[in-house]
Amino acid sequence: MQVSAQRIQANIEKLVSFQTRLTLSAQDPDSIKGGHGIGAAREWIKQEFERYSRDCGGCLEVKTDSFTESAADRIPKPTVITNVYAVLKGTDPGNAGRMVLVTGHYDSRNGDTFDASGAAPGANDDGSGTAVSLECARVLSKLKFPATIVFLTVAGEEQGLNGSNHFAKLAKDQGWDIEAALNNDIVGGDRNPQQDPSVVRVFSEGVPLAATDAELRLIRNLGGESDSASRQLARYVAEVGRTYETGVKPLLVFRLDRYLRGGDHISFNQQGYAAVRFTEYREDYHHQHQNVRTENGIEYGDQLKFVNFDYVAKVARLNAATLASLAAAPAPPAKVRLETKELENSSTLTWDAAPGDAAYEVLWRESSSPEWEHVQTFGSVTRATLPLSKDNVVFAVRAVDRQGHRSLPVVPQPER
Ligand SMILES: [Zn+2]
């Protein structure tokens, strides 16, 4: 996969060149022509996706999701917000309905959320994440996958996750089967002395934001606090990180997001989708949500010179490898159940067969362990009994196809 740090650098430079990408900034035709404001950024992203599509014989469908957000806390008057995305449709009719998605927010801000004309370079936050979406689109559009990949860039993040909120609701309304959403926000690898450029944090929700009361009861009773679909996705990213040489190691953080902060993955979580957030190891708060200036010898502002483009490329590689693995993999097994009819010291799992699945793997770990520890392969069956007490471990089942592609694992529901 030819992820290029130079391409990423050029794209972040281009995003910074629009001076500000505040959601409230200019989007009139003259400003778009003049190359400043969020409207110009939006049009450029769209053209960039279209260019990748021309290079792959029109393989990408480039679309916008545009809406008018009413006045709110950080939106003084009704404002048009536009998400821009490209769809690489799956080649297998049986799998094309399954989607995996990567996103970053292309809006930026400085110290004042309402400053529609002051400089807000947003090189790291979130030029870096936008560049990851773009670069994933460029490299993956040269390949073909059975399932569909969506490359998304949203606006309105800094005003209150407005863009992603609209997109995730749209997805839910349309019944889109998004198996995974990867949100990249602040993956610039800020060049501060305490930075660890060998690591990227992956945040995932524990108890799902979208859990129903009945689901919450089950989680409480059975210890499901660390087994949301988002957490399985985070573990999948960790496994991809061990399998592929991306140059950056995912550090799983079992937490929805950082203290006092939020991000676009939350919009997807709220609609019941599995979603995680990638963020550099150590953030420098002088370089986020600040006006560009020097004060007492300290440089403030989200400037290009603080971004480590090689690091962004490594994070893009990890994202692309995760998207490719998931889009090549079979669907996760359906109706995974754990028999709990009687008290016994063995455990029986059942699931529905899916066409094309060559085998199923049962995974398990001790309840106090963060990642899957054991795996046992079963053939093309729909039932497996293991000589292990379900009281002592957590189980999951995943599907494997003939080429060895593995689905996301599914934790069973108890069945009496
Ligand atoms: Zn951000």
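Quote to one decimal, in nm, the extra length available between Phe114 and Glu415 on full extension: 0.36 nm per residue of separation minus the C-alpha distance between them. Provide the component values of the computation, followed by the final result.
Numbers: separation 301, 0.36 × 301 = 108.36 nm, distance 5.31 nm.
Full-extension gain reported as 103.1 nm.
Would you mind putting 216-229, 183-196, 363-376, 86-99 in packing order, based on average other-beta-carbon counts within 10 Å, highest first?
Numbers: 216-229: 16.6, 183-196: 22.1, 363-376: 14.6, 86-99: 18.3.
Result, highest mean first: 183-196, 86-99, 216-229, 363-376.
If a cysteine in the chain has no other Cys Cβ under 4.7 Å from its own Cβ, put it on the list, ordered by number.
So, Cys136.
Considering only Gly35, Gly404, Gly122, give the residue with the highest GNM mean-square fluctuation for the chain, with springs between Cα atoms whenever their separation is below 10 Å.
Gly404
Measuring with a 1.4 Å probe in the full set of protein chains, what accessible area per residue, in whole Å², belongs to region 246-350?
Numbers: 4390 Å² over 105 residues.
About 42 Å² of surface per residue is accessible.
Taking a temperature of 37 °C and a viscosity of 0.692 mPa s, what whole-number D in µm²/s does Stokes-Einstein yield for region 193-320 with Rh from Kirkwood over alpha carbon pairs?
Details: Rh = 16.4 Å.
The calculation lands on 201 µm²/s.
Under 1.5 on a/c is rounded, so check that first for region 171-227, then, if it is not, pick prolate when a/b is larger than b/c and oblate when it is not; a ≥ b ≥ c are the square roots of the alpha carbon gyration tensor eigenvalues. Can you show the working numbers first?
On the way: a/c = 4.14, a/b = 1.71, b/c = 2.42.
Oblate, because a/c is 1.5 or more while a/b does not exceed b/c.
If amide H atoms are built 1.01 Å from N in the plane of the peptide, which residues on other chains or at least 5 residues away come under 5 Å of the amide H of Val200?
Residues meeting the criterion, in which the H sits 1.01 Å from N, are Lys249, Leu251.
Is the C-alpha gyration tensor of region 1-69 telling us rounded, prolate or oblate? Criteria: a/c under 1.5 is rounded; beyond that, a/b larger than b/c is prolate, otherwise oblate. Please report the intermediate quantities before stating the final value.
Details: a/c = 2.30, a/b = 1.40, b/c = 1.64.
Oblate shape, in that a/c is at least 1.5 and b/c is the bigger or equal ratio.
Counting only DSSP beta bridges with both residues in the chain, what percent are antiparallel, rounded to the nearest 5? Write down the numbers at each step before the final one.
Numbers: 45 of 71 bridges.
Antiparallel: roughly 65 percent of the beta bridges in the chain.
Just tell me which aspartates and glutamates come within less than 15 Å, Cα to Cα, of Lys14; anything on the same chain fewer than 8 places away is out.
Answer for Lys14, where 15 Å is the Cα cut-off: Glu43, Glu48, Asp107, Asp125, Asp126, Glu135, Asp302, listed by chain and number.
Say the dipole of region 1-124 comes from +1 at the beta carbon of Lys and Arg and -1 at that of Asp and Glu; which of Ala96, Ala71, His36 then lies farthest toward its positive end?
About the Cα centre, the residue reaching furthest to the positive side is Ala96.
Could you identify which residue out of Thr348, Thr103, Thr68 has the top mean-square fluctuation in a GNM of the chain using Cα springs shorter than 10 Å?
It is Thr68.
Please check which bits of region 123-161 a label hung off Lys77 would reach, taking the label as a point 7 Å along Cα-to-C-beta and the cut-off as backbone N under 20 Å.
Of the residues in region 123-161, 156, 159-160 have backbone N under 20 Å from the label point off Lys77.
Regarding the chain, what's the average projected area of the Cα-atom convex hull, expressed in nm²?
Numbers: hull surface 81.5 nm².
Directional mean of the projected Cα hull area for the chain stands at 20.4 nm².
Which distance in nm do the two modelled labels at Arg255 and Arg191 give, with both placed 7 Å along the Cα-to-Cβ direction?
Once both label points are built, they end up 2.8 nm from each other.
Take the Cβ-Cβ distance between Ala5 and Ala214 as r, set R0 to 35 Å, and report the resulting FRET efficiency rounded to the nearest 0.05.
Numbers: r = 48 Å, r/R0 = 1.37.
Taking R0 as 35 Å, the efficiency between Ala5 and Ala214 is 0.15.
Name the lysines eligible as straight-distance cross-link partners of Lys144: C-alpha to C-alpha under 21 Å, and not fewer than 8 places from it in the same chain.
Filter leaves Lys63, Lys89.
How would you classify region 115-156 from its alpha-carbon gyration tensor, with a ≥ b ≥ c the square roots of the eigenvalues: rounded for a/c under 1.5, else prolate if a/b is greater than b/c, otherwise oblate? Show your work: numbers first, answer last.
On the way: a/c = 4.66, a/b = 2.76, b/c = 1.69.
Prolate shape, in that a/c is at least 1.5 and a/b is the bigger ratio.
Can you tell me the FRET efficiency between Lys305 and Asp30 if r is taken as the Cβ-Cβ distance and R0 is 22 Å, rounded to the nearest 0.05?
Values: r = 30 Å, r/R0 = 1.37.
For R0 = 22 Å, the calculated efficiency reads 0.15.
What's the carbon and sulfur percent of region 282-416's accessible surface, probe 1.4 angstrom, rounded to a whole number? If you can, show how the numbers build up before the last one.
Details: 3010 of 6510 Å².
Answer for region 282-416: carbon and sulfur cover 46 percent of the accessible area.
Taking θ as phi - 60°, what are the ³J(HN,Hα) couplings along region 160-168 by the Karplus curve (6.51, -1.76, 1.60), each to the nearest whole Hz, with x for Gly and Pro?
Result, rounded to whole Hz: x, 6, 4, x, 5, 4, 5, 5, 5.
Sequence neighbours fewer than 8 away in the same chain don't count; with that in mind, list the lysines whose C-alpha is under 16 Å from Lys249.
Lys314
Tell me the label-point distance for the pair Tyr285, Gln403, using the 7 Å Cα-to-Cβ offset, in nm and rounded to one decimal.
Each label point lies 7 Å from its Cα, and together they span 4.7 nm.
Going by alpha carbons, how many degrees (0 to 90, nearest 10) lie between the helix axis of 229-243 and the longest principal axis of the chain?
For helix 229-243, the angle is close to 80 degrees.
When the accessible area of region 125-265 is split by element with a 1.4 Å probe, what percent falls to carbon and sulfur? Don't skip to the end; give the middle numbers.
Numbers: 2840 of 5390 Å².
Answer for region 125-265 is 53 percent, counting heavy atoms of protein chains only.
Please report, in debye to the nearest 20, how large the charge dipole of region 119-214 is about its Cα centre when each Lys and Arg carries +1 at its beta carbon and each Asp and Glu carries -1 there. Don't jump to the answer; show the numbers that get you there.
On the way: 7 positive and 13 negative charges, 88 e Å.
That gives a dipole near 420 debye.
Taking the Cα centre of region 264-376 as origin and charging only Cβ (+1 Lys, Arg; -1 Asp, Glu), how large is the dipole, in debye to the nearest 20?
Working: 10 positive and 17 negative charges, 56 e Å.
Approximately 260 debye in magnitude.
Can you figure out the FRET efficiency of Thr68 with Ile298, using R₀ = 51 Å and their beta-carbon distance, to the nearest 0.05? The partial results should precede the final answer.
Values: r = 39 Å, r/R0 = 0.77.
That pair, Thr68 with Ile298, gives E of 0.80.
Have a look at Ile75, Ile266, Ile45 and tell me which one the Gaussian network model of the chain (Cα, springs below 10 Å) gives the largest fluctuation.
Its mean-square fluctuation being the largest, the pick is Ile75.
The values are calculated or read from the model by the stated rules, or taken from the named source; none is laboratory data. All values derive from a computational prediction rather than experimental measurement. FYI the Cβ positions are ideal-geometry reconstructions off the backbone, even for glycines, and counts take in every protein chain you see. The area values use the complete protein model at the heavy-atom level, side chains included, leaving out ligands, DNA and RNA. Shrake-Rupley method; radii C 1.70, N 1.55, O 1.52, S 1.80 Å.
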